[in-house]
Amino acid sequence: MSDRQVAMVIDLNKCIGCQTCTIACKTMWTSKEGMEGMWWNTVSTAPGEGTPKGWEQMGGGFRDGKAQPGRLPKQSEFGDPWEFNYEETLFGGDPHATLKPSGGDPDWGTNWDEDVGGGEYPNSFFFYIPRICNHCTKPACMEACPRGAIFKRDEDGIVLINEDHCRGFRFCQEACPYKEIYYNAVTGKSQKCLFCLPRMEEGVATACSRQCPGRVRFLGFLDDEDGPIHKLVYDHKVALPLHPEYETEPNVFYIPPLAPPSFDAEGNPTEEDRIPITYLMSLFGGEVVEALETLKAEKAARKRGEPSELMDTLISRNWVDLFGPFNKSPKDIEAMRLMEGGQLGTAQ
Amino acid sequence: MQSLKVTDISGFLDPVARPWNGIAAERVDMMPSPLGLQPNDYIIASWEERPYGELEVLSAASVHDGQRIAVRLVWEKDKPSAGAGEGFPDAAAIAFPVRGDPLLMQMGSADAPIHALQWRARGNETRSVNAEGIGSSKPGPDVAAAGKGGWSGGNWHVVMTRNLAVPQGGAVLVSGHATRIGFAVWNGHNEERAGIKAVSLDWIDLELEA
Amino acid sequence: MTAALSRRSFLKAGALGAAGLAMPDFVARTASSLEALAATPPPEFTSFLDVYRKQWTWDKTVRGTHMINCWYQAHCAFDVYVRDGLVFREEQAAEYQQLRPELPDMNPRGCQKGCCFSHRMYEPTRLKYPIRRVGERGSGQWERVTWEEALDDIADSFLDVVTEEGTDRVIWDLGPDINIGAANAAQARFAQLTHSICLDSNSSNGDGHRGAFETFGNIYMERGIEDYFYSDVILVWGANPVYTSIPNAHFFTEARYNGTDVVVISPDYSASAIKADLWVPVKPGTDAALALTIAHLIVEGDHVDKAFVSEQTDLPLLVRQDTGAFLTEADLDGGDEESFVMVDAAGGFHIAERKTLDLDGVEPDLDATLDVTLDDGTQVAVRTVYSLLKERLATYTPEAASEMCGTAPGLIRRLADMVINARALSNVAGSSMNKYFHGNLTERAMILIWVLLGQMGKPGSGYSAFGFLANDGWEDYVSGLRIPERMAFGTELGLDLLWDLAKGESSEIFFKKMATTNFTDPGSTLPVWSSSALFWHVHGGIVDLAEDAKKWIPGLKQPVREAINSALHKNWIPLQPAPDREPRILFHYCANPIRSVRGSQKLLEVLWPKLVKTVVIDFRMTTTAQHADYVLPAAAWYETTDHKWVTPLVPYNHVTNKAVEPLGESQNDFWIITMLAKHIQKRAQERGITSIDSHLGKEIVLDNLYEDMTMDGAYSEHDVDKAAGAILEYSSNLSHVSWEEQKEKGFARYSQIGLSPLSIGNAGELKEDEPFIPLTYHTKDKQPYPTQTRRIQFYLDHPVYLEYDEYLPRFKAPPQMGGDYPLTMTGGHTRWSVHGVWQDSRHMQRLNRGQPYMVISAEDAAERGISDGDWMRCFNDVGEFTVRSKVSPAARPGATIMWHAWENYHFPGRKGPRDVSPSPLNPVELAGDHPHLKFGMLEGQPGTFDRDTRIEIERLSDEEAARL
């Protein structure tokens, strides 16, 4: 437990699976050598294998408070960072060469089962689920590190791997039930989402949040009663942690997905949910039933022209309201980030 | 065991160099590091059903020239794990008490630290580390640690060398004096790392020939 | 509460010393070749966190955007981050103002592609210096040449061709990414000064919105994106905004939370369908049946907005039953042949005004059926368009339609109820329908719904078709003349235009007509345009693929080749160069036809041998570049300064600033084309060539081309920035904010729709604090539409439309292009690229499948023993290609999806979906000699279609797959 805790709420009804968050994170943090295969932020189609492939079957976390063994995910399960034979195909003088990923025809990638989902046409169903490190209140990774190289900051609850101490043992990778930790084979260190600490400490929202064109992510301190996070998690109870049964107490919460009505055998619409509620319960626990009821009821209220604080919060007409106190633009603090003659600017 | 005094240690830097044939090797009994001593519940839970540290015996020999000491380890491994990419490397370590009476199994303590050389197949490199208990290892003093490993015929052959003299914080070795030495071996293929390893049952006396 | 987390002291200290930063791997690889990082000291840091903190530092930022036609989602202002002379990332500026408190703002506009252009521009696909082919075309053998060598050689070929064979032998193949900014102005000015031909590729791309054109005489109609918040039902129909309007999509998800119902109508359970309150599955290409059924239920339930249709449409106009033509004033009393007739309930005839829609108290009888005596004494039966329509609609019961479109009757009724009861009904425009052979009929049927309900021109209400919003100073810059001078400049058509003005025609009608001078008028001061689809079909031989079209298209009256020849013969459609004048030089600018043109395999076989030179200007190696003689390396979008058109959805001019020097020897487009003029002038002078006559009879001065091009040095090759500013200064709709200010901020809201023929059809007032609503000049101000009847027109009395029974909207079963095969190959814009620009980028492919795939339904896969990821042969009578499968329960059985934009070199044997898409032109789209069915800018030209393509697929054996 930290003194305070920052948290994120991700609205699955607004997420369009565009992966701008994934790319924002990539260009922000994981472009160096050894990080090619890292996606500290992913967006997967659910139901599906997710990233890494089959992560929900890899173990880790706790059960009844007891640490559970986990399996080490492989890079190929995260998705290999394919190289392509650009030179050969584009400039190499072979007019028949085909542009191909390295390593032969792939059978898995980070977003391999995009837009596939489940069900049977026309009762197909799927939705997108973005994931980052959950910066858990009880981080299984932290407990598993034999070197104490993982710590949770008191001031904000952000969980970090101290790369100065990390020896690349990867017990953390096994123990994290969400499989959100990557291994850098070049540096021999484990690395993961920083919750964009360098940005957050300047009051600028995480790259995945601020760059999200779907306006999916809310930020703030869990204990800030006026912030959107507190409202969504505690007041309206529509934001739920993913796999609460892993017992790590994640600090990323999800607004569960609605879907259009399903069809009967003749193809006429029914009142049945398209996404089986049992599936959603397997992800978000039993509370998802009530959360969906609340969302539907409030949406219906708006349709009748009645006010709804919940819907207003989720719409967030003024974009920066999503980010609670982390509402600065990088432009606002630019003077402090400029490198001048190889030195960090000191203007403040 | 004894570290024989030789005139020039440079002939011993290669683990399969011929001069090693003339040096008597000690047979060191090894055992899995105790599960109960692992630093956290996670590691205990994930290894309680899983065998590790199965290496039963290690062959160790040593020479020194008054300036530097070389320790050669030979152990059986059906195929090497270089630890490339995401694999775990085979590795070995030799440890010396710095002061006090550290428990080898517990990697010493604040009052009784341990100084070790660790060789890893990944990069074929040897580094100097200090430890004051399980999970506490950090870079050790500069003892000009070096090492080289080679795998052939179903065995790893590894030589680790260091200066006898050390800056503050290291384990001092003095020609003509005795100290103690401990051993550890990690099987990379079995994902052994950190405290999951084979260790010598306890310290072994090491006498540096005058 | 404090805004920020506690900051570490490191930022305050200069104690870190002269620490360089480890460059990302991708940059380092590129940079090493430039030796840009040679002097970079090794990283120095005090803790792991400081390393991360320093990763978020930079030397400077400038505002930038991407000069690409991502169309409905365009554009987004970015901060472009520069360190050590290289761009290393970008982040949305996100400074758009909220229009009103009740509306969401549009921040933080951007998508995953724009957010990695910094990496994309340094990938190995990037062109860094001019290259010249040394082997056979397409052999992949290149040598590096200097700009001097390349431009001299191209200039010599240009001079040879224009002096020996004519200026129209030189073709500018313009793709969708032309920016209507300085770069594109250089190209257009060059073309105008030399009378070379510019291809209008819009319809060829399948974006022609022919149905809207037939109905409104205009395709330009799009709303401000915030306006969706005022809709209570939004139909996403023929669009997939979750893929193709990423920055705008939040307005739909948020409108939903605000109580709006979002309906998605699509064959597959698409990425957009998952966000719907109702998903309506439909068989591909059969949407007209669905639309006409809704129209039928509107009429049957007496929900027609009679006042609206009486005033705004041709539904009250009378049609002669003997000829099928509109009854005219001339028929009745020898009056005006262009004036049409209504009758009131009392039997009184009224001429439909052509200058206004205002009925001035007349109440036409919508259902009238009567006999009239003509001027010559003959008696003919006449009926209103409405009565004809009603009769036609009566056959579209939900049950009957269900047989046609596969949608259950109960679902159709539910959809119709939502539509009919909507307070404000809107649609999300896409360009899927135009890619079906009968897409024009479908779009006309869809428009019928909005019009019958009077759901037009109000907040949250109205049909959107084609989005485009441009500055109106560009043509002034290109011609070197301001509008009044240009108006006076024309020859016959110019006089005709002046006459129109004198007659008091609306500015919309005037400026749209003026744009058509580009296609035919020798005196035009603008570049000469030609239909790209016709060019490829006639000069490129694609028409050969349509030999079997009669087998594929039920009711086709004549072979497609004959239809084209006949239309050309009658001068219904313009084609330049004329069919008997072979093209000699192709400049591909923002274009990649060997990838994008359906049936492009014919181009290499038929067109390429005719060419003396084919030159590609691009920043990356494309399929077309692989078949070029010269490839000229262009600056990427963060390496030049310019601005770009948008759409009314996001009515902000967007600017990109030069953040870094162009990579290698690449140069911005403005420089390249101006320098080409310079080299032509130089070689002309050296060869003693002075001037020649163009094919249209205009004097083309070759030995002074550079001076003319640069307006006597006012805009030299180095002046792209100045030229971009001048274009805005000349604009009535963007001169209110200074160029310097626009560059600083990266965007500026348009002050008006303006007078560009590429925008004026939007016909509404753009306000500062309201989302734009199109067509209000018609619906509110009663200005006439630019159609034959000056009304929204559902009835087309053109002989071809009568012959094909398309005089009114109807359903026609989709043809079987390529033969009678069981599967339809549909497609659409991919999420992962805009055109080909990102299609082979590492980041995008690592988040995709790394190879092309075809989405097939679980059912079709099982029937054929195909598993996910299997290699498949896809074939029909026209060709075949090889691709991997992606098996999905979201795909409709019988319909496959081939997301577009794969380059040919992505496929084994370099054969792709184009190889099975014969894409015959539709004879009705060749119609001409009609008041509004005629070519215009980006509209009124024949389209090409690939969505009706029929195929079969079979799994390749493991041995066959291993040989690929």
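The numbers here are math on the coordinates, done by the rules we state, and not lab data. Keep in mind that this is a model prediction, so the values were computed, not measured. Every residue, glycine among them, receives a Cβ derived from its backbone with ideal geometry; neighbour counts consider all protein chains shown.
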Gyration tensor (Cα only) of the range A:213-348 to equivalent ellipsoid, semi-axes in Å sorted down, yields 38, 18, 16
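Among the chymotrypsin sites (Phe, Trp or Tyr not before Pro) within the range C:857-945, which fall in a DSSP loop and have no more than 14 other Cβ atoms within 10 Å of their own Cβ?
Hits after loop and neighbour filter: nothing returned.
Express as a percent, rounded to the nearest 5, the fraction of DSSP beta bridges in the range B:2-208 (both residues included) that run antiparallel.
90 percent
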Expressed in nanometres to one decimal, the distance between label points 7 Å along Cα→Cβ at B:Asp101 and C:Asn704 is 10.8 nm
Using eta = 0.890 mPa s and T = 25 °C, Stokes-Einstein with Kirkwood Rh from Cα pairs puts D for the protein assembly as shown, in µm² s⁻¹, at 70 µm²/s
What the Cα atoms of chain B span along the principal axes, largest first and in whole Å, is 50, 42, 28
Note on the protein assembly as shown, DSSP bridge orientation, antiparallel percent to nearest 5 equals 70 percent
Dividing the surface of the Cα convex hull of the range C:575-657 by four yields a projected area in nm² of 7.5 nm²
If one compares the long axis through the Cα atoms of helix C:147-164 with the longest principal axis of the Cα atoms of chain C, the angle in degrees, nearest 10, works out at 40 degrees
Other residues with Cβ under 14 Å from the Cβ of C:Ser759 give, with Lys and Arg +1 and Asp and Glu -1, a net charge of -3
Rounded to the nearest Å, the spacing of the alpha-carbon centers of the range C:408-453 and the range C:97-165 is 39 Å
For chain A, shape from the Cα gyration tensor axes a ≥ b ≥ c, cut at a/c of 1.5 then a/b versus b/c, turns out rounded
Over its alpha-carbon atoms, the range C:740-850 yields an Rg and a Dmax in Å of 22.4, 59
Within the under-10-Å Cβ sphere about B:Ala112, not counting B:Ala112, Lys/Arg +1 and Asp/Glu -1 give a net charge of -2
Shape call for the range B:36-106, from the Cα gyration tensor axes a ≥ b ≥ c (a/c under 1.5 means rounded, otherwise prolate when a/b beats b/c, else oblate), comes out oblate
Once amide hydrogens are built 1.01 Å from N within the peptide plane, the residues lying 5 or more places from A:Phe125 or on another chain with amide H under 5 Å from its amide H are A:Gly118, A:Gly119
Sorting C:Tyr785, C:Tyr81, C:Ile197 by the position of each Cα along the dipole of the protein assembly as shown (Lys, Arg +1; Asp, Glu -1; all at Cβ), the one nearest the positive end of that ordering is C:Tyr81
The whole-number value in µm²/s of the Stokes-Einstein translational diffusion coefficient for the range C:375-462, with Rh from the Kirkwood sum over alpha carbon pairs at 10 °C and 1.306 mPa s, is 102 µm²/s
Taking a ≥ b ≥ c as the square roots of the Cα gyration tensor eigenvalues, with a/c under 1.5 meaning rounded and otherwise prolate when a/b beats b/c or oblate if not, the range A:65-163 comes out oblate
Counting only DSSP loop positions in the range A:89-173, the chymotrypsin sites (Phe, Trp or Tyr not before Pro) whose Cβ has at most 13 other Cβ atoms within 10 Å are none
Across 10 Å bins beginning at 0, the whole-percent shares of Cα-Cα pair distances in the range A:262-338 come to 14, 25, 30, 16, 11, 3, 0
For C:Met404, A:Met28, ascending order of other Cβ atoms within 10 Å (fewest first) is C:Met404, A:Met28
Toy charge model, Lys and Arg Cβ at +1, Asp and Glu Cβ at -1: chain B dipole around Cα centroid in debye, rounded to 20, equals 600 debye
Here the percent of antiparallel bridges among DSSP beta bridges lying wholly in the range C:823-963, to the nearest 5, is 55 percent
Karplus-derived 3J(HN,Hα) from phi for the range C:214-227 (6.51 cos²θ - 1.76 cosθ + 1.60, θ = phi - 60°), whole Hz, x at Gly and Pro, runs 4, 8, 9, x, 5, 9, 7, 7, 8, 9, x, 4, 5, 4
Expressed to two decimals, the range B:107-210 has a Cα Rg over Rh, using the Kirkwood radius, of 0.96
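How crowded by other chains is A:79-90, given as the mean number of beta carbons from other chains within 10 Å of each beta carbon? List each step's numbers first, then the result.
Details: counts 3, 2, 3, 6, 3, 10, 2, 8, 2, 1, 10, 14.
Neighbouring Cβ atoms belonging to other protein chains average 5 per residue here.
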P(r) of the range C:617-664 over all Cα-Cα pairs, 5 Å bins starting at 0, rounded to whole percent, reads 5, 19, 18, 16, 16, 15, 8, 3
Fewest-first ordering of C:Glu661, A:Glu180 by Cβ atoms within 10 Å yields C:Glu661, A:Glu180
The answer for chymotrypsin sites (Phe, Trp or Tyr not before Pro) in the range C:241-305 that fall in a DSSP coil and have at most 10 neighbouring Cβ atoms within 10 Å is none
Here chain C gives, from Cα atoms, an Rg and Dmax in Å of 28.2, 102
Here the range C:957-964 yields Karplus 3J(HN,Hα) values (6.51, -1.76, 1.60; θ = phi - 60°; whole Hz; Gly and Pro given as x) of 5, 4, 5, 4, 5, 5, 7, 5
For C:Ile689, C:Ile509, B:Ile134, ascending order of other Cβ atoms within 10 Å (fewest first) is C:Ile689, B:Ile134, C:Ile509
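Could you work out the mean count of beta carbons from other protein chains within 10 Å of each residue's beta carbon in C:103-112?
Working: counts 2, 6, 6, 3, 7, 12, 1, 7, 7, 12.
Neighbouring Cβ atoms belonging to other protein chains average 6 per residue here.
Quick one: net charge of C:His438's neighbours, Cβ under 14 Å, K/R +1, D/E -1?
Net local charge, C:His438 excluded: -1.
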Compactness summary of the range C:823-963: radius of gyration and Dmax from Cα atoms, Å, are 17.3, 60
Semi-axes a, b, c in Å (a largest) for the range C:668-780, each sqrt of 5 times a Cα gyration tensor eigenvalue, come to 39, 20, 9
Taking placed amide H atoms and a strict 5 Å upper bound, the residues 5 or more places from A:Glu83 or on another chain that come that close are A:Ser102
Checking A:Gly65, A:Gly48, A:Gly118 against a Gaussian network model of chain A (alpha-carbon springs below 10 Å), the top fluctuating residue turns out to be A:Gly65
Output ordering of C:307-313, C:555-561 (per-residue mean of other Cβ within 10 Å, highest first) is C:307-313, C:555-561
One finds the C-alpha centres of the range C:562-623 and the range A:134-196 to be spaced, in Å, by 58 Å
Which residues qualify? For C:Ile700, with a placed amide H closer than 5 Å and at least 5 residues away or on another chain, they are C:Ile692, C:Asp693, C:Ser694
For the range B:101-210 the mean separation of alpha carbon contacts under 8 Å (6+ apart) over residue count, i.e. relative contact order in percent, is 19 percent
